[in-house]
Amino acid sequence: MVLHPLLGIEEVPAVEPYLGRVGEVFREFREPDSGRVSYGVRLLDGARWFVKEAVTDHARESLARGWAFHRAVRHSAIVPQVHRIAVRGGGWAVVMPWREGEVLYCPTRSGPRGRTSPESPLARFRALPTGHVLRAFDRILDAHLAVEAAGHVAVDFYDGALLYDFARDATHLIDLDEYRPGPFVLDEERLPGSRRFMAPEEFVRGAVIDTRTTVFTLGRTVRLLLDAGDEERAWRGTPAQQAVIVRATRADPGDRFENVHDFATAWRAADGRLP
Ligand SMILES: Nc1ncnc2c1ncn2[C@@H]1O[C@H](COP(=O)(O)OP(=O)(O)O)[C@@H](O)[C@H]1O
Ligand SMILES: [Mg+2]
């Protein structure tokens, strides 16, 4: 029996040399301080895969969380973690199918003007006809309906978790490693994440993080994506859509939609589509 070089292997001594032996590493992602190193690898059969390895304790913890999340949640827009390989000496590497596309924003690679310079992926995305943006958001929303149905809540969702394929108009969700079962009580100073996507309660130790928090993040996501610029001064949607966002992003969680399902129903009604 010939084992698949990634899916059929349970343990390797070290990730990078192993990938180099079974294929060609054609991309490497090393973000300083993240504790994670990822590789794009092309196997001899031509198939491309994405392999992410955690190299610090903190990163291992988050990768383990991500693995549990992917056991619980499946959706066609969420790039799955299909296998994990133990690394001798401790730790894991997770294997995901490679997806074509550009991450809309990357704090390290995109540079200081990563959200504003016209050639940045986010600016190009914002310049697309609104139908593309609405379709992309609908995929994000649909994925979060699956997250909610599985009893999980969003943590650390931002434009860096969106891989958009401009050629095929396809949206993929990556890097959801901080998602977790909810509701839960925040036992730290704050949650990880990009401030502009985060609800106020994510900065309050002892606060309850639940589906209303996810609603806030999704409201912010569409507010930011459906704007021609980065300063929220060039809204491209309708007043009805804006009204749904206002309710989704109220400071007091009690004033928001109760869950993603209710938000999605209101959003799709405002969007002129049936729920
Ligand atoms: N399945 C994938 N296919 C292709 N590229 C990917 C895939 N997943 C992630 N990437 C790319 O790798 C980068 C790092 O992945 P990410 O999951 O964000 O790692 P980290 O946990 O270190 O933030 C992303 O910004 C994206 O460009
Ligand atoms: Mg990332």
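Assess whether V204 counts as being among the β-branched types (V, I, T), surrounded by fewer than 20 Cβ atoms within 10 Å (Cβ to Cβ) and over 18 Å from S34 (Cβ atoms).
Values: among the β-branched types (V, I, T): yes; surrounded by fewer than 20 Cβ atoms within 10 Å (Cβ to Cβ): yes; over 18 Å from S34 (Cβ atoms): yes.
Criteria met by V204.
For region 157-192, a residue qualifies if it is surrounded by 14 or more Cβ atoms within 10 Å (Cβ to Cβ) and either within 19 Å of V37 (Cα to Cα) or polar (S, T, N, Q) (or both), and the qualifying residues are G160, A161, L162, L163, T171, L173, I174, D175, L176, D177, E178. Consider D227 carefully, then state whether it is at pLDDT 95 or above, among the acidic types (D, E), within 17 Å of Y158 (Cα to Cα) and surrounded by fewer than 20 Cβ atoms within 10 Å (Cβ to Cβ). Against the criterion (at pLDDT 95 or above, among the acidic types (D, E), within 17 Å of Y158 (Cα to Cα) and surrounded by fewer than 20 Cβ atoms within 10 Å (Cβ to Cβ)), D227 qualifies.
Taking the condition touching a residue at least 40 places away in the same chain (Cβ under 8 Å) and hydrophobic (A, V, I, L, M, F, W, C), does A228 pass? Steps first, please.
Working: touching a residue at least 40 places away in the same chain (Cβ under 8 Å): yes; hydrophobic (A, V, I, L, M, F, W, C): yes.
In short, yes.
Out of curiosity, is P239 under 28 Å from H58 (Cβ atoms) and surrounded by fewer than 14 Cβ atoms within 10 Å (Cβ to Cβ)? Spelling it out, it is not the case that P239 is under 28 Å from H58 (Cβ atoms) and surrounded by fewer than 14 Cβ atoms within 10 Å (Cβ to Cβ). P112 meets each of the listed conditions (1) more than 10 Å from ligand 1 (Cβ to nearest atom); (2) modelled with pLDDT of 95 or more; (3) not aromatic (F, W, Y) apart from (2).
For region 175-183, does any single residue satisfy the condition of being over 24 Å from Q241 (Cα atoms), away from ligand 2 (no atom under 16 Å from the Cβ) and not in a strand (DSSP E or B)? Yes, region 175-183 has at least one match. All of (1) touching a Phe, Trp or Tyr at 6+ places or on another chain (Cβ under 8 Å); (2) within 12 Å of ligand 1 (Cβ to nearest atom); (3) polar (S, T, N, Q); (4) in the same structural domain as V215 (by TED's automatic domain parsing) hold for Q81 with one exception: (4). Residues in region 25-55 that are within 11 Å of ligand 1 (Cβ to nearest atom) and of a type in the set (V, I, T): V37, V41, V51, V55. Remark: pairs (first residue in region 121-150, in contact (Cβ under 8 Å) with a residue 24 or more places away in the chain; second residue acidic (D, E) and in a helix (DSSP H, G or I); Cβ separation under 9 Å; 6+ apart in sequence or on different chains) = P121/D159; L122/D159; F125/D159. The set of residues in region 46-70 that are at pLDDT 95 or above and more than 15 Å from V94 (Cβ to Cβ) comprises G46, A47, R48.
The values are calculated or read from the model by the stated rules, or taken from the named source; none is laboratory data. Note that the coordinates shown come from a computational prediction; the quantities given were computed from them, not determined experimentally. With ideal geometry, Cβ positions are generated from the backbone for all residues, glycine too; neighbour counts draw on all protein chains shown.
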